[in-house]
Amino acid sequence: MPCRDSYGYALTTSPEAAAAYDRGLGDLLRLRSGGAAVATAVALDPTFAIGHATLALLGHEMCLAVDLDARLRDAELHAGRGTERERSHVHAVAAHVRGDSRPLLQHLRTHPRDALLLSAAVPTIAFAGATEVPEDAWELVEQAIPAYGEDWWFTGLLAFVRQEQRRFDEAMELSCRSLAVEPAAGHSAHARAHAHYETGDHAAGLAWMDSWVSGSGQRTESLSHFSWHAALHELSLGDLDAVRRRHDTQLRPELGLGCRTLVDTGSLLFRWALTPGAEDVPGLDEVARLTGRGVLERPATPFLAMHAAVVLLALGDGAGLDRLAAYADGHAHPTQREVVAPLARALRRLADGQAGEAADRLAALTVACRRLGGSDAQREILEETRIAGLLRADRYDEAHLLLDARLDRRSSARDQRWRAQVLRDADRVAVDREDDLLQR
């Protein structure tokens, strides 16, 4: 009898290596550290193609210290020993890492229960995704419903899709159903975190998040992202002292893992600094140092590129933004060329003091920015950057409209204060102009 993973797929390897790999797969689907178990599987069987491919995928997506070329070479070398599903899996991973995600999407049409690759294809807390727009990711998940039934992991993934579709009651019900079966289900906890945030349920969302990370979720590898969610609630509530405590205890740059330093700590510091009343916000120099120039100027995914661009802006690194734009211009991935490159150039304008032009360029990218991956809550950083540009350009009416739209989406004491500041600044400028006219 062949070895099989938890979803019934054959694994062409020894029983010991298969058990280690399946343990790692289970941990990855719970958002725990599964890389070590997968590495153990490869050590037990150096000809295990799926194991090599998985390590390459984790290195590519999570900025882990993995020799991508070596892992892909070994995966492709030994794939011929495996089943058709294993050969397709290896080909899909290799193409995805090299910039072509079409084989990954095709693989999932034939093998929808390949849970690791379905997770990689859908933008979530763990992966940047392999689809151009959220609707394509939603379709992938919807098509897989018959293959998974009541599986707790898939139920959490479906919950995340439902909150993106703004079907928040369904998202909450699905996430709670999954967590009732597997209290450590990280994807389900993540979906619930988004449902709380998107409905403006900040106090309850914050209380639940703190209880989960100190309880059932304490072994989760991506705890910094859940801390980021908690900090986002605290920002929305206008509790900047709590944000500082959260940063100092849970989100200092050196506490991050791989790309999480950039994605979680970097984005929090940027948004915190934009918040009315924020004082003594830590700089992003340490985030940049730990992230490394390679990721900042040559990011593997458009999602990482979005975060790299705002960090470079915060550092006032116009030359770095130029190098990011040049890298994206020459990239094989169309989103890098068509969204990342113009985004980097828009932020270069802001770094150069051309705030109005930067805001206009960001406005032109509003729809296209959905292609960057991640969640609505993460991509909001670009909307906030645009608001900051409008304010620097003294275009208060436009900033006011954007803040009104944000408050229509959800309650936020932070945005209310920001809106009040915009109105005060607009009145002050109007009075100053009137005084200038009278003096003439």
Out of all the residues in segment 329-350, which are of a type in the set (A, V, I, L, M, F, W, C) and under 28 Å from ALA393 (Cα atoms)? VAL339, VAL340, ALA341, LEU343, ALA344, ALA346, LEU347, LEU350
The number of residues in segment 388-401 that are closer than 19 Å to TRP272 by Cβ and open to solvent by 20 Å² or more (accessible area, probe 1.4 Å) is 2
Can you tell which of HIS225, HIS247 is more than 27 Å from VAL66 (Cβ to Cβ) and either among the small types (Gly, Ala, Ser) or surrounded by 20 or more Cβ atoms within 10 Å (Cβ to Cβ) (or both)? HIS247
Those residues of segment 140-175 that are open to solvent by less than 50 Å² (accessible area, probe 1.4 Å), acidic (Asp, Glu) and part of a helix (DSSP H, G or I) come to a total of 1
Any chance ARG260 is open to solvent by less than 10 Å² (accessible area, probe 1.4 Å) and not small (Gly, Ala, Ser): no
Candidates GLU61, GLU86 - the one that is in contact (Cβ under 8 Å) with a residue 60 or more places away in the chain, over 26 Å from PRO299 (Cβ atoms) and part of a helix (DSSP H, G or I): GLU86
Of the conditions (1) assigned to a helix (DSSP H, G or I); (2) open to solvent by less than 20 Å² (accessible area, probe 1.4 Å); (3) touching a Gly at 6+ places or on another chain (Cβ under 8 Å), ALA36 fails just one. Which one is it? (2)
Considering every residue within segment 50-71, establish whether at least one is of a type in the set (Ser, Thr, Tyr) and either more than 20 Å from the chain's Cα centre (by Cα) or open to solvent by 20 Å² or more (accessible area, probe 1.4 Å) (or both). no
Can you give me the number of residues within segment 238-262 that are more than 21 Å from GLU380 (Cα to Cα) and part of a loop (DSSP other than H, G, I, E, B)? 4
Kindly provide the set of residues from segment 408-417 that are within 21 Å of LEU268 (Cβ to Cβ), at pLDDT 95 or above, within 25 Å of the chain's Cα centre (by Cα) and assigned to a helix (DSSP H, G or I), ordered by number. ALA413, ARG414, ASP415
Filter segment 106-130 down to the residues that are over 13 Å from the mean Cα position of the chain (by Cα), free of Cβ contacts under 8 Å to residues at least 60 places away in the same chain and not in a helix (DSSP H, G or I) and list them by number. PRO112
When the residues of segment 293-332 are narrowed to those that are within 18 Å of the chain's Cα centre (by Cα) and outside any helix (DSSP H, G or I), which ends up farthest from VAL263 (Cα to Cα)? ARG298
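Out of all the residues in segment 84-99, is one or more within 19 Å of ARG23 (Cβ to Cβ), surrounded by fewer than 20 Cβ atoms within 10 Å (Cβ to Cβ), modelled with pLDDT of 95 or more and basic (Lys, Arg)?
No, segment 84-99 has no match at all.
Pull up segment 95-105, narrow it to residues that are outside any loop (DSSP other than H, G, I, E, B) and within 18 Å of the chain's Cα centre (by Cα), then point me to the one that is farthest from ALA300 (Cα to Cα). Don't jump to the end; show me each part of the working.
Let us first name the residues in segment 95-105 that are outside any loop (DSSP other than H, G, I, E, B), namely 95-97, 102-105.
When the remaining residues are screened for being within 18 Å of the chain's Cα centre (by Cα), the result is 96-97.
Details: HIS96: 11, VAL97: 8 Å.
Ranking the candidates gives HIS96 first.
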So how many residues does segment 1-33 have that are polar (S, T, N, Q) and open to solvent by 60 Å² or more (accessible area, probe 1.4 Å)? 2
Criterion: more than 20 Å from the chain's Cα centre (by Cα), closer than 22 Å to ASP151 by Cβ and of a type in the set (S, T, N, Q) - qualifying residue of SER211, SER178: SER178
Out of the residues in segment 333-355 that are over 16 Å from ALA300 (Cβ atoms) and outside any helix (DSSP H, G or I), which is least open to solvent (accessible area, probe 1.4 Å)? GLY353
Consider segment 303-325. How many of its residues are open to solvent by 40 Å² or more (accessible area, probe 1.4 Å), touching a helix residue (DSSP H, G or I) at 6+ places or on another chain (Cβ under 8 Å) and among the aliphatic types (A, V, I, L, M)? 2
Subset of segment 263-292 [in contact (Cβ under 8 Å) with a residue 60 or more places away in the chain, in a loop (DSSP other than H, G, I, E, B) and either of a type in the set (A, V, I, L, M, F, W, C) or open to solvent by 30 Å² or more (accessible area, probe 1.4 Å) (or both)]: GLY277
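The values are calculated or read from the model by the stated rules, or taken from the named source; none is laboratory data. Predicted model, so just to flag it, every value in this text is computed and none were measured. Every residue, glycine among them, receives a Cβ derived from its backbone with ideal geometry; neighbour counts consider all protein chains shown. Ligands, DNA and RNA are excluded from the accessible area calculation, which covers all protein heavy atoms including side chains. Shrake-Rupley method; radii C 1.70, N 1.55, O 1.52, S 1.80 Å.
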